[in-house]
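The values are calculated or read from the model by the stated rules, or taken from the named source; none is laboratory data. Being a predicted model, the structure only gives us computed values, none of them experimental. Because the Cβ atoms are built from the backbone with ideal geometry, glycine has one as well, and the counts that use them run over all protein chains shown. We work out accessible area using only protein heavy atoms, side chains counted, and drop any ligands, DNA or RNA first. Shrake-Rupley method; radii C 1.70, N 1.55, O 1.52, S 1.80 Å.
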Amino acid sequence: DNALQSVEDFAISMWVKFDVDDSWEGLLSKGYLDGNNNGFTIRREEDNNKIRVSRSSGNEFENILESTTSITASSGWTNVIVQREGNDWELFINGVSEDTETIADGVSQTFNNTDDFVFAKGNGTSEYLEGYLDDFVLFDDSLTSSEISELYNNGGWRSPSEISASSDILFLYTL
């Protein structure tokens, strides 16, 4: 589970469908706000239904990325991709770049914990997903714009033989 500590560039891709609006709903968490370590979460915020990527150190947090698009229950299935290439973080919604941020910290400073990846949960004992996750993929490299477009336009996961050699898969989970 500490696979992200050994890579520099990575991409996380998933499909999500929400059943309700205007609530904090976690998509993925790894040690976020656990009080002791560095952590990470991808979740939807309650006020405007935007996807937010945050990291924490102990009990302090920092928002890294936020979508410009509101993702509501009526949006149906939505492809969310978060990636890091060098010091550049980027959030894609349905194949479109929605936010970027440059952060000089190494990946190990963001994911430096032994906590498990937790699907459909944000932080603490709250922020559970009321909806669905599917086709979660963790790549040990960032994706090209054509790979991002393909993941969205093909409507889901492709077999490993269809992914270019530069985008190796660390973890694949079809929920």
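So the values come out like this:
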| item | result |
| --- | --- |
| Spin-label proximity, residue 73 to the stretch 42-65 - amide N less than 19 Å from point 7 Å beyond Cα toward beta carbon | 44-51 |
| Amide proton proximity set for residue 142, modelled H, under 5 Å, gap of 5+ | 10 |
| Area accessible to solvent at residue 61, 1.4 Å probe radius, in Å² | 120 |
| Long-range amide H partners of residue 128 with built H, under 5 Å | 26, 122 |
| Separation of the residue 103 and residue 88 label points, Cα + 7 Å toward Cβ, nm | 1.7 |
| The stretch 11-120 - percent relative contact order, Cα under 8 Å, separation 6 or more | 29 |
| Approximate spin-label separation residue 154-residue 126, in nm, with each point projected 7 Å along Cα-to-Cβ | 3.9 |
| Inter-site label distance for residue 57 and residue 171 at 7 Å from Cα along Cβ, in nm | 2.3 |
| Sulfur and carbon atoms: percent of accessible area, the stretch 39-141 [1.4 Å] | 40 |
| Sparsely packed GluC sites (Glu not before Pro) within the stretch 12-49, loop by DSSP, other Cβ within 10 Å at most 13 | 46 |
